[in-house]
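See structure below.
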Amino acid sequence: MSIRIHPSILSCDFSRLSEELDAISAADMAHVDVMDNHFVPNLTFGPPVVERIREVSPIPIDAHLMIEQADRHAPVYADMGCASVSFHAEASAAPVRLAREIRALGAKASLAIRPATPIEPYIDLLAEFDQILIMTVEPGFGGQSFLDVCLPKVTRTRQAIDDAGLEVQLQVDGGVSATTVARAVAAGANVLVAGSAVYSAEDRTAAIEELRELAHD
Ligand code: DX5
Ligand code: ZN
């Protein structure tokens, strides 16, 4: 499966959002972390800001919703033109229904799971999603250390996707850097989110290309 690099703008300079988006034009999508201070102990932004980002930047938006009541709020992000909408399994009463609604609105539907959430209850449902997002940190903040303990879950998910002959993308998010990206890919991930690893680098394009190369090795 093709390797995709999605920088997370959580680590960018929010006072210069438009330039910070231009700086990652070498990436496949911009990962946009929406937090509500309830699902995670941090607050970022909501629909008006994400919609404006979509309007001013040509890069497709990979929205990662770390919010409660996903069934109610996630369709808004699909409707405004985000290319992909990740909602958390822990925040949805009916993930299959929600994924179908997101797809009907023209976006890719992605199911995200926290480190303590097993993939097993979702294995038979994989065909209902375009992507599975496995968190490799506790969600809420950038710059945390990669949790190697989540890698067996990545491997089991990749195995299940391949066994079923599906084209589901497998994203990992949290602590992905030049030192951890190869382990994530070896476990079976093909979509790599990197916040601090990209935005702490002076040359964002070089950081993106370095991750891409290390992922292909
Ligand atoms: C964390 C967010 C991540 C975060 C990753 O809850 O979902 O997308 O920005 O940041 P790094 O790559 O610095 O761990
Ligand atoms: Zn994220």
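Only one of the listed residues (S86, S92) is touching a residue at least 24 places away in the same chain (Cβ under 8 Å) and among the polar types (S, T, N, Q). That residue is S86.
Answer yes or no as to whether V198 is aliphatic (A, V, I, L, M) and in contact with a Pro (Cβ under 7 Å, 6 or more places away or on another chain).
When the stated conditions are applied, V198 passes them.
Looking at A178, A186, A206, can you tell me which residue is closer than 16 Å to M1 by Cβ, modelled with pLDDT of 95 or more, small (G, A, S) and surrounded by fewer than 17 Cβ atoms within 10 Å (Cβ to Cβ)?
A186
Condition first: within 15 Å of ligand 1 (Cβ to nearest atom), outside any loop (DSSP other than H, G, I, E, B) and out of contact with any Leu (no Cβ under 9 Å at 6 or more places or on another chain). Can you find one or more residues in the stretch 193-200 that meet it? Among the residues of the stretch 193-200, not one is within 15 Å of ligand 1 (Cβ to nearest atom), outside any loop (DSSP other than H, G, I, E, B) and out of contact with any Leu (no Cβ under 9 Å at 6 or more places or on another chain), which makes the answer no. Between S11, S86, the distinction of being at pLDDT 95 or above and surrounded by fewer than 20 Cβ atoms within 10 Å (Cβ to Cβ) belongs to S11 only. Just so you know, in the stretch 106-118 the residues that are surrounded by 18 or more Cβ atoms within 10 Å (Cβ to Cβ) and away from ligand 1 (no atom under 14 Å from the Cβ) include one that is nearest to D163 (Cα to Cα), and it is L111. When the stretch 39-76 is limited to residues that are among the charged types (D, E, K, R) and without any contact (Cβ under 8 Å) to a residue 40 or more places away in the chain, the one that is nearest to S15 (Cα to Cα) turns out to be R52. Would it be correct to say that L133 is outside any loop (DSSP other than H, G, I, E, B) and within 10 Å of ligand 1 (Cβ to nearest atom)? Answer is yes for this residue.
Could you go through the stretch 153-170 and let me know if any residue there is surrounded by 16 or more Cβ atoms within 10 Å (Cβ to Cβ) and either aromatic (F, W, Y) or assigned to a loop (DSSP other than H, G, I, E, B) (or both). Among the residues of the stretch 153-170, at least one is surrounded by 16 or more Cβ atoms within 10 Å (Cβ to Cβ) and either aromatic (F, W, Y) or assigned to a loop (DSSP other than H, G, I, E, B) (or both), which makes the answer yes.
Among residues belonging to the stretch 86-143 that are within 16 Å of ligand 2 (Cβ to nearest atom) and among the β-branched types (V, I, T), point out the one that is farthest from H6 (Cα to Cα). Restricting to residues being within 16 Å of ligand 2 (Cβ to nearest atom) and among the β-branched types (V, I, T), the top hit is T117. Within the stretch 1-22, residues that are touching a residue at least 24 places away in the same chain (Cβ under 8 Å) reach partners that are within 10 Å of ligand 1 (Cβ to nearest atom) and in a helix (DSSP H, G or I) with beta carbons closer than 6 Å, at six or more positions or on different chains, in the pairs P7/V198; S11/S196; S11/Y199; C12/Y199. Of the residues making up the stretch 21-40, those that are among the acidic types (D, E) and either buried (at least 21 other Cβ atoms within 10 Å of the Cβ) or touching a strand residue (DSSP E or B) at 6+ places or on another chain (Cβ under 9 Å) (or both) are D28, D33, D36.
The values are calculated or read from the model by the stated rules, or taken from the named source; none is laboratory data. What you see is a predicted model, and the numbers here were worked out from it, not measured in a lab. Here Cβ is always computed from backbone atoms with ideal geometry, including for glycine, and neighbour counts include all displayed protein chains.
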